Amino acid sequence: MVLRNVLAAMFLTAVITFPSSESSSVAEDAYPSSFTAAMTSCDLDEGGRLFPYPQRITDTTLTCLHGDRTTALESSSGFRRVLKNGSLANNSEMKIPTHTGTHVDAPGHVYDHYFDAGFDVDTLDLHVLNVSRAYQEKMSPKLILLMLVISYVSSSTQDGDELIPPRVDVYESGKIYDITHRVSSRTLSGIYVEGIGEYLTLYLSMRNGSDYNFSIIKLPAHSGTHVDAPGHFYENYFEEGFDVDSLDLEVLNGPALLVDVPRDKNITAEVMKSLNIPKGVKRVLFRTLNTDRQLMTQKRFDTSYVGFMEDGAQWLKDNTDIKLVGIDYLSVAAYDDLVSAHRVFLKSREIILVEGLKLDDVETGLYNVHCLPLRLLGAEGSPIRCILIK
């Protein structure tokens, strides 16, 4: 059967309906059409603010509950550090079966030789999982489906061929960028001095007689590339249920600007002002010295990372329209202002923080960003998959 390994379900899924180019309007899409000047500032082209983008986003993902009955195993979040008990922040750790709720199957789920060869979820093709806006505007639904089938067939490995798992960060010659760090035992987390250690347990194994391979994930919510919910630094928001399931997908998905921050300082009010980010820009990814130093690939947490100082966070909040702040280390806030800068961003519940982004080898400029956290009911943070589409 040609589609024997086709993806059964998506763990992170959103159905996005794109309008035709004729239906877009300047009033609806107040975003700059170009990025210019010395890698640190951006300006609007004269008369140009048109950036077509989807008018409707439908989340088709099931919310993950404590004690999820869709599996024989319990899905749970345990708390390692809690504000109520004197910690600086709420930090959850999730324990969840890989095949629970809305999820995705990799070839190694039911083929042991693919499992042994490393055909895991990190090898799945983002071009198959995400059809770009340009293609969708030009193609009929039938042609899109045909392209997905052809893509799958062409990437399938015949028995007897050498099994080499594909691990790709850039698709379609730079049209799709995966800006999410791979999760491994070395992945950084704010609650461990070193990496998270072994996070994956093979609960059922074909090698031991099971019909399929089935793993359990144990992972701190604030590790690797992840998102913060308001309850991370506000106990009242945590108690009232402002968790990752309450985050706005319209903020997490849309036109975004990637900027380079001056490499010799944290992000202060002065630095924010110098970036000249115009009104109307709602999503900004800040690339800093953290990327140059490859801090996210280090095993130990490094307190010398670059982040926002409290005055920089306040300036952004008071003087821009930014609602999505992305940065290239575990914390958007500099270590010296860890709590205060976070609290400035999260107080209004209007700004979403995406941390630990992989921004190597991506040109500054405008992209469509797609960031999808897990729907973990009650969790103040979540691993997140983020991609950029040119």
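Which of the residues spanning the range 346-364 are out of contact with any helix residue (DSSP H, G or I) (no Cβ under 9 Å at 6 or more places or on another chain), closer than 19 Å to LEU295 by Cα and not acidic (Asp, Glu)? Steps first, answer last, please.
If we filter the range 346-364 for residues that are out of contact with any helix residue (DSSP H, G or I) (no Cβ under 9 Å at 6 or more places or on another chain), which is where we start, we get 355, 361-364.
Now restrict to residues that are closer than 19 Å to LEU295 by Cα: 355, 361-362.
Within the range 346-364, VAL362 is the sole residue that qualifies.
Need pairs with beta-carbon distance below 6 Å; first residue without any contact (Cβ under 8 Å) to a residue 40 or more places away in the chain and surrounded by 15 or more Cβ atoms within 10 Å (Cβ to Cβ) and within the range 164-192, second in a loop (DSSP other than H, G, I, E, B) and not hydroxyl-bearing (Ser, Thr, Tyr); sequence gap 6+ or separate chains.
Sorted first by the residue in the range 164-192, then by its partner, the pairs are THR187/GLY195; THR187/ILE196; THR187/GLY224.
Which one of the conditions (1) in a helix (DSSP H, G or I); (2) within 29 Å of GLY118 (Cβ to Cβ); (3) of a type outside the set (A, V, I, L, M); (4) in contact with a Lys or Arg (Cβ under 7 Å, 6 or more places away or on another chain) does LYS218 fail to meet, given that it meets all the rest?
Exception for LYS218: condition (1).
Hey, does the range 201-210 have a residue that's assigned to a loop (DSSP other than H, G, I, E, B) and either aliphatic (A, V, I, L, M) or under 19 Å from LEU124 (Cβ atoms) (or both)? Show your work before the answer.
Of the range 201-210, the ones assigned to a loop (DSSP other than H, G, I, E, B) are 205, 209-210.
Filter once more, so that each one left must be either aliphatic (A, V, I, L, M) or under 19 Å from LEU124 (Cβ atoms) (or both): none.
The answer is no; no qualifying residue exists.
If you take the residues of the range 200-251 that are more than 19 Å from ALA341 (Cβ to Cβ), among the small types (Gly, Ala, Ser) and within 25 Å of the chain's Cα centre (by Cα), which of them is surrounded by the most Cβ atoms within 10 Å (Cβ to Cβ)?
Of everything passing the filter in the range 200-251, ALA221 is surrounded by the most Cβ atoms within 10 Å (Cβ to Cβ).
Could you list, in sequence order, all residues of the range 266-276 that are surrounded by fewer than 23 Cβ atoms within 10 Å (Cβ to Cβ) and either in contact with a Leu (Cβ under 9 Å, 6 or more places away or on another chain) or under 21 Å from ASP360 (Cβ atoms) (or both)? Give the steps one after another, and end with the answer.
Residues of the range 266-276 surrounded by fewer than 23 Cβ atoms within 10 Å (Cβ to Cβ): 266, 268-271, 273-276.
ASN266, ALA269, LEU275 - these are the residues of the range 266-276 that are surrounded by fewer than 23 Cβ atoms within 10 Å (Cβ to Cβ) and either in contact with a Leu (Cβ under 9 Å, 6 or more places away or on another chain) or under 21 Å from ASP360 (Cβ atoms) (or both).
Can you tell me which residue within the range 169-199, out of those that are under 18 Å from ILE327 (Cβ atoms) and not charged (D, E, K, R), is farthest from the chain's Cα centre (by Cα)? Step through it out loud before you land on a result.
The first filter runs over the range 169-199 and keeps only residues under 18 Å from ILE327 (Cβ atoms), leaving 177-181, 187-190.
In the following step, the residues that additionally are not charged (D, E, K, R) were identified as 177, 179-181, 187-190.
Numbers: TYR177: 12, ILE179: 7, THR180: 6, HIS181: 9, THR187: 15, LEU188: 15, SER189: 15, GLY190: 17 Å.
Here the answer is GLY190.
Which residue, of VAL344, VAL362, is in contact with a strand residue (DSSP E or B) (Cβ under 6 Å, 6 or more places away or on another chain), β-branched (Val, Ile, Thr) and crowded, with 17+ Cβ neighbours inside 10 Å? Break it down stepwise before answering.
On the way: VAL344 fails: in contact with a strand residue (DSSP E or B) (Cβ under 6 Å, 6 or more places away or on another chain).
Being in contact with a strand residue (DSSP E or B) (Cβ under 6 Å, 6 or more places away or on another chain), β-branched (Val, Ile, Thr) and crowded, with 17+ Cβ neighbours inside 10 Å holds for just one of VAL344, VAL362, which is VAL362.
For the range 277-304, which positions are of a type in the set (Lys, Arg) and more than 16 Å from GLY365 (Cβ to Cβ)?
Going residue by residue through the range 277-304, those that are of a type in the set (Lys, Arg) are 279, 282-283, 287, 293, 299-300.
The answer is LYS279, ARG293, LYS299, ARG300.
So for the range 228-244 (the condition being of a type outside the set (Phe, Trp, Tyr) and over 23 Å from ARG349 (Cβ atoms)), does at least one residue qualify?
If we filter the range 228-244 for residues that are of a type outside the set (Phe, Trp, Tyr), which is where we start, we get 228-232, 235-236, 239-241, 243-244.
Retained after the next criterion (residues that are over 23 Å from ARG349 (Cβ atoms)): none.
Within the range 228-244 (the criterion being of a type outside the set (Phe, Trp, Tyr) and over 23 Å from ARG349 (Cβ atoms)), the answer is no, since none of the residues qualifies.
Please work out which one of (1) within 21 Å of GLY326 (Cα to Cα); (2) crowded, with 20+ Cβ neighbours inside 10 Å is the condition PRO262 fails and give its number.
The single condition PRO262 does not satisfy is (2).
Kindly indicate whether PRO107 is surrounded by fewer than 17 Cβ atoms within 10 Å (Cβ to Cβ) and either modelled with pLDDT under 55 or over 19 Å from the mean Cα position of the chain (by Cα) (or both).
On the way: surrounded by fewer than 17 Cβ atoms within 10 Å (Cβ to Cβ): no; either modelled with pLDDT under 55 or over 19 Å from the mean Cα position of the chain (by Cα) (or both): yes.
No: the conditions fail for PRO107.
The values are calculated or read from the model by the stated rules, or taken from the named source; none is laboratory data. Being a predicted model, the structure only gives us computed values, none of them experimental. For neighbour counting, all protein chains shown are included, and Cβ atoms are generated from backbone atoms with ideal geometry for every residue, glycine included.
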